[in-house]
Amino acid sequence: MRQRRPRVVQPRAVYFRAKDYVTAGNAVCGVASVFSVIEGNLYWAAWLICLSWVFDALDGVVARLTNTFNVFGGEFDNMCDHLTYGIAPGFYVYGVYREAFPVPEWAQVVLAGVLGAWLPLTASIRGARLASKPIKVKGFWIGLPRPVSAFVTVSWFQSSTVALFPEAGLWLGVALVFGLGVSNLGAFPFLSHHGHVWKPWVSHWVRSVPVVLGLLALLGPVPAIFGHAVVPTELFFDAFFFYLFGYSVVQWWGIPDDEWQKVRAAVRAWRDAPEA
C-alpha cells in the first residue's frame, strides 16, 4: 500500500485587513506630528495627535463590521498607540519648551529634554510592565491610558488659558506633564469604555464628547486650514482639555461601589503576585 506523504502546512503571511489600514492612519498622524515639531509648527503637531483619535476609534468599528479581529491587529494597534500617544507627545513637549523661557541655551536644552523625555519614558515603562505582568479588569484601565495623557498634554498647550497667560501656562504645564507621567506609572484604576461598568450619568458624559468636539472641530481647526475659522481654534482644545482632564480627575465618582471594591481587590492581588 502506497504511503501518503505528510501534508506540509505552509505558514500564512500576515496581510493587512481593512481595519489595519485604518489603524495605520493613527501611526501616520503620530509620525506627521513629529515632523511638524521638527518643522516648528506646534499647532499642527497638536492637531494631528488629536486627529489620530478618529482612526483609533474607527478601527474598532471596522473590525466589528468586517469581523476581522486577530492577534496581529491587536498588536499593531498597540504599537501605533505607543507611537502616537507615547512617543510623539514627547517631541511636542520638547518643541514647546525648547525656547519657552529666557534662560541660557544649555538650560533650555536641559529643561526641554527632561520634560520631553518624561512622557515617552513613563509610557514605555507602563507598556512593558503590563506586557510582562498583565492585569485585565472588566470596565477598567490600570494606570492612566496613554491617549488621555497625550490629549491632555497637547490640548493644554494649545488652550486659550496658555494663549492668554503664556508664562503662567507654561509653568503650570511643567507640573501637568510631570503629573501625567506619574499617573502613567501608577496602578490607579480608570474607567474604560470596553465592557463599561460605570454609573448611568457617565454615559451622557461620554456621548457628548464626540458631538461637542466634532462640532468645534468643524467650526474651528478644519476651516482654519483654509483661513476661514468660524470660532477660535483654541475652543476645540479647551473642550478637549476639559473632557479629558475632567475624566482623569472625577472619573472615580462614576464607579459603582461594588465595582470599586472589585477593581481595588484585583489591583492588590496583581501587585502582590510575583513577576513572570
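The values are calculated or read from the model by the stated rules, or taken from the named source; none is laboratory data. This one's a predicted model, so the numbers in the text were calculated from it and none came from an experiment. Cβ placement follows ideal geometry from the backbone for every residue including glycine, while neighbour counts extend to all protein chains displayed.
If you take the residues of region 177-190 that are crowded, with 18+ Cβ neighbours inside 10 Å and hydrophobic (A, V, I, L, M, F, W, C), which of them is nearest to the chain's Cα centre (by Cα)? Spell out the reasoning first.
Going residue by residue through region 177-190, those that are crowded, with 18+ Cβ neighbours inside 10 Å are 177, 180-181, 183-184, 189-190.
Checking which are hydrophobic (A, V, I, L, M, F, W, C) leaves us with 177, 180, 190.
On the way: Val177: 14, Leu180: 11, Phe190: 14 Å.
Restricting to residues being crowded, with 18+ Cβ neighbours inside 10 Å and hydrophobic (A, V, I, L, M, F, W, C), the top hit is Leu180.
Quick check on region 204-231: of everything there that is surrounded by 13 or more Cβ atoms within 10 Å (Cβ to Cβ) and small (Gly, Ala, Ser), which residue is nearest to Ala57 (Cα to Cα)? Applying the filter and picking the extreme gives Gly214. In contact (Cβ under 8 Å) with a residue 12 or more places away in the chain and either more than 30 Å from Val177 (Cβ to Cβ) or in a loop (DSSP other than H, G, I, E, B) (or both): is that true of Val263 in this structure? Taking the combined requirement at face value, the residue does not satisfy it.
Only one entry in Val96, Val28, Val22 is of a type in the set (Val, Ile, Thr) and either farther than 21 Å from Phe236 by Cβ or within 14 Å of the chain's Cα centre (by Cα) (or both), namely Val22.
Taking region 236-256 as the range and being surrounded by fewer than 17 Cβ atoms within 10 Å (Cβ to Cβ) and modelled with pLDDT of 90 or more as the test, the residues that pass are Phe242, Trp253, Pro256.
Scanning region 52-87 for residues that are within 20 Å of Phe240 (Cα to Cα), among the small types (Gly, Ala, Ser) and surrounded by 17 or more Cβ atoms within 10 Å (Cβ to Cβ) gives Ser52, Gly86. Looking only at residues in region 125-167 that are more than 16 Å from the chain's Cα centre (by Cα) and β-branched (Val, Ile, Thr), the one that is surrounded by the most Cβ atoms within 10 Å (Cβ to Cβ) is Val162. Among the residues examined, Val103 qualifies as without any contact (Cβ under 8 Å) to a residue 24 or more places away in the chain and over 17 Å from the mean Cα position of the chain (by Cα).
Would you confirm whether any residue within region 149-159 is modelled with pLDDT under 90 and outside any helix (DSSP H, G or I)? Checking region 149-159: not a single residue is modelled with pLDDT under 90 and outside any helix (DSSP H, G or I).
Could you check, for region 170-191, whether at least one of its residues is under 25 Å from Asn26 (Cβ atoms), in contact (Cβ under 8 Å) with a residue 60 or more places away in the chain and of a type in the set (Phe, Trp, Tyr)? Within region 170-191, one or more residues are under 25 Å from Asn26 (Cβ atoms), in contact (Cβ under 8 Å) with a residue 60 or more places away in the chain and of a type in the set (Phe, Trp, Tyr).
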